[in-house]
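Worksheet: the structure to be examined is printed underneath.
The values are calculated or read from the model by the stated rules, or taken from the named source; none is laboratory data. As the structure is a prediction and not an experimental result, all values here were calculated from the model. Cβ placement follows ideal geometry from the backbone for every residue including glycine, while neighbour counts extend to all protein chains displayed.
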Amino acid sequence: MTITISSRKATLKDAFKERVGKKLQKLDRFFEEDAEASVTVTVEKERQTVEVTVRAGGMVFRSEKTAPDMFDSLEAAVDMIVRQITSNKSKLEKRLKVNAFNDAVFAEGMAEQEFRVVRTKKVPIKPMDVEEAVLQMNLSGHEFFVFTNSASGEVNVVYKRKNGDYGLIEATAAR
């Protein structure tokens, strides 16, 4: 697994970089060697946020945790990815490394999660710019809004981020 470590508003010590490598070794049993992991550390006052993103086999696994200590944030973020993988074990077995789930840790006690679609909603998607889409989202009270971007003609999604800012998802072909 290739690991990239970056930081915002912080200088990372070698001890933390070594811990990242050690913690991400936990994930090697799930992914082939061509997997890519990126770890981003953001420090804001007393909060230290660690975001871990793993790209492998056309899938993206992401977790973000905040704690007063970046080591604790790292532990929690990696553990969350392991939980994401194990809770979706049956659906991921075909996409991950062969025999990734043969470990005894996963054999007992892991309940499979069923995906249930409990409601279907049809919405008209009309052309608009990003600002209008954010306005429509806020007026509807939802956390996201699907629209056709009038500039590109593509289907996009705007969403509200945890910090109160907005994000834009532009669909592209899978790599």
Residue that is farthest from the chain's Cα centre (by Cα) [pool: residues in segment 135-153 that are surrounded by 12 or more Cβ atoms within 10 Å (Cβ to Cβ) and at pLDDT 90 or above]: S150
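Scan segment 158-175 and give yes if some residue there is modelled with pLDDT of 90 or more, closer than 22 Å to M59 by Cα and surrounded by 14 or more Cβ atoms within 10 Å (Cβ to Cβ), otherwise no.
Filtering segment 158-175 down to residues modelled with pLDDT of 90 or more leaves 158-160, 165-170.
Filter once more, so that each one left must be closer than 22 Å to M59 by Cα: 158-159, 167-170.
Then keep just the ones that are surrounded by 14 or more Cβ atoms within 10 Å (Cβ to Cβ); that gives 158-159.
Checked segment 158-175: at least one residue is modelled with pLDDT of 90 or more, closer than 22 Å to M59 by Cα and surrounded by 14 or more Cβ atoms within 10 Å (Cβ to Cβ).
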First in segment 155-175 and in contact (Cβ under 8 Å) with a residue 40 or more places away in the chain, second anywhere and exposed (fewer than 13 other Cβ atoms within 10 Å of the Cβ), Cβ under 6 Å, 6 or more apart: A174/G58
Spans of strands (runs of 3 or more DSSP E) in segment 1-109 with at least 1 residues of a type in the set (V, I, T), closer than 24 Å to N163 by Cβ and modelled with pLDDT under 90: 47-56, 59-67
